[in-house]
Amino acid sequence: MTLNGRVALVTGATSGIGLGIATALAEAGAAVMLNGFAAAAQVAALRADLAARGAPATGYCGADVAHPHEIAAMVAQTCSELGRIDILVNNAGIQHTAPIADFPDEKWDAILAINLSAAFHATKAVIPGMKSRGFGRIINIASAHGLVASANKAAYVAAKHGLMGLTKVTAIELAPHGITCNAICPGWVLTPLVQAQLDARCQAEGISAEEARRLLLGEKQAMITFTTPAQIGKLALFLASDDAATMTGVPLSIDGGWTAQ
Ligand code: NAD
């Protein structure tokens, strides 16, 4: 599966799932613009690694996707440095857990801004270029929580369900233009975002790291195992490829059986 000649922008690509996706796209020959928070030395190392894996060009933009004007600037920077955007991966995301009655307003606003509104603003910004070329792939990283709920995750579940709605509208509007939009819905993936939840559990329940992992997975997934960022990268690669030209508007679960139950 080749992406030679394609240019991808991946938000939240300095860690976890976004990095797994950026790596898979680079290995297939795409030029990649990384976005996310990271120190300069880490960014340099990530870019060198992507180049070594096959990316013909790389770039980095430290835009905070909570701010629409920074998203517009990131899209402009990508087009100016790498030529255009063929593949947009809306991946940047954050989490906060608390019951609704105690959920901090500012956490609600931040999660909605980063996990949902950012995808709208980035999609809006890439559409004109994609339409003019008659090709585009928009991949939204939703979650099992885009399809079902869990307690204590009101903002995250609301944002991810919203992202599913945005995915469908984007797919329908852009269908006549050779542009697809799909959502990947992972279950548990062991990244810093999930490690924080494991650490909190160890502390609150006084249990070992291994026990926390077993309990976390066992509550939700039929398979008591994490999906890896590399596996999600391969799924994104397929969605970005020519073979997925008529797949659009769908949620793709990769969740160890979480939402089958
Ligand atoms: P992570 O914490 O490892 O990575 C998050 C990335 O987003 C980092 O690169 C970070 O710098 C970036 N980021 C955070 N806030 C940002 C902002 N305001 N502007 C720009 N970049 C920002 O998390 P992850 O687990 O890899 O999560 C990536 C996506 O996958 C998220 O949307 C998350 O909701 C989703 N997801 C994760 C899991 C899981 O189990 N890890 C499951 C389902 C869905």
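The values are calculated or read from the model by the stated rules, or taken from the named source; none is laboratory data. Predicted, not measured: the structure shown is a model, and the values here were computed from it. Surface accessibility is based on the protein's heavy atoms, side chains included, excluding ligands, DNA and RNA. Shrake-Rupley method; radii C 1.70, N 1.55, O 1.52, S 1.80 Å.
Could you do me a favour and compute the accessible area per residue for region 24-85, 1.4 Å probe, result in Å²?
42 Å²
Among the lysines, which have Cα under 18 Å from the Cα of LYS153 when same-chain residues fewer than 8 positions away are ignored?
Cross-link targets: LYS107, LYS220.
Counting each DSSP H run of 4 or more residues in the chain as -39500 (n - 2.57), what helix-only mean residue ellipticity at 222 nm follows after dividing by all residues, to the nearest 500 deg cm²/dmol?
-15500 deg cm²/dmol
For region 167-181 and region 1-70, what is the centre-to-centre distance using only Cα atoms, to the nearest Å?
24 Å
Please work out the average accessible area per residue across region 117-176, using the 1.4 Å probe convention, and give it in Å².
37 Å²
Within the accessible area of region 1-152, what % is carbon and sulfur when the probe is 1.4 Å and the other protein chains stay in place?
Of all accessible area on region 1-152, carbon and sulfur atoms account for 57 percent.
Quick query: amide H of VAL250 versus all other amide H atoms, modeled in the peptide plane; which residues come in under 5 Å with a sequence gap of 5 or more or a different chain?
ALA183
If you line up the long axis of helix 118-133 against the longest principal axis of the chain, both from Cα atoms, how many degrees apart are they, to the nearest 10?
So the inclination is approximately 20 degrees.
Hey, which lysines would be in cross-link range of LYS234, C-alpha to C-alpha under 17 Å, not counting anything within fewer than 8 residues on its own chain?
Of all the lysines, none pass the test against LYS234 - Cα under 17 Å, at least 8 places apart if same chain.
So what's the gap between the Cα centers of region 83-126 and region 198-261, to the nearest angstrom?
After rounding, the separation between the Cα centres reads 19 Å.
How far is helix 16-27 tilted off the main Cα axis of the chain, in degrees rounded to 10, range 0 to 90?
Tilt relative to the chain: about 30 degrees.
Taking Cα atoms, how many degrees apart are the long axis of helix 229-240 and the longest axis of the chain, rounded to 10 and kept between 0 and 90?
40 degrees
Enumerate the calculated ³J(HN,Hα) couplings along region 28-33 in order (Karplus 6.51 cos²θ - 1.76 cosθ + 1.60, θ = phi - 60°), each rounded to whole Hz, writing x wherever the residue is Gly or Pro.
8, x, 7, 6, 10, 9
How high is the relative contact order of the chain, given as a whole-number percent (alpha carbon pairs under 8 Å, six or more residues apart)?
Relative contact order, the chain: 21 percent.
To two decimal places, what compactness ratio does region 9-125 give when its Cα radius of gyration is scaled by 2.2 N^0.38 Å?
1.10
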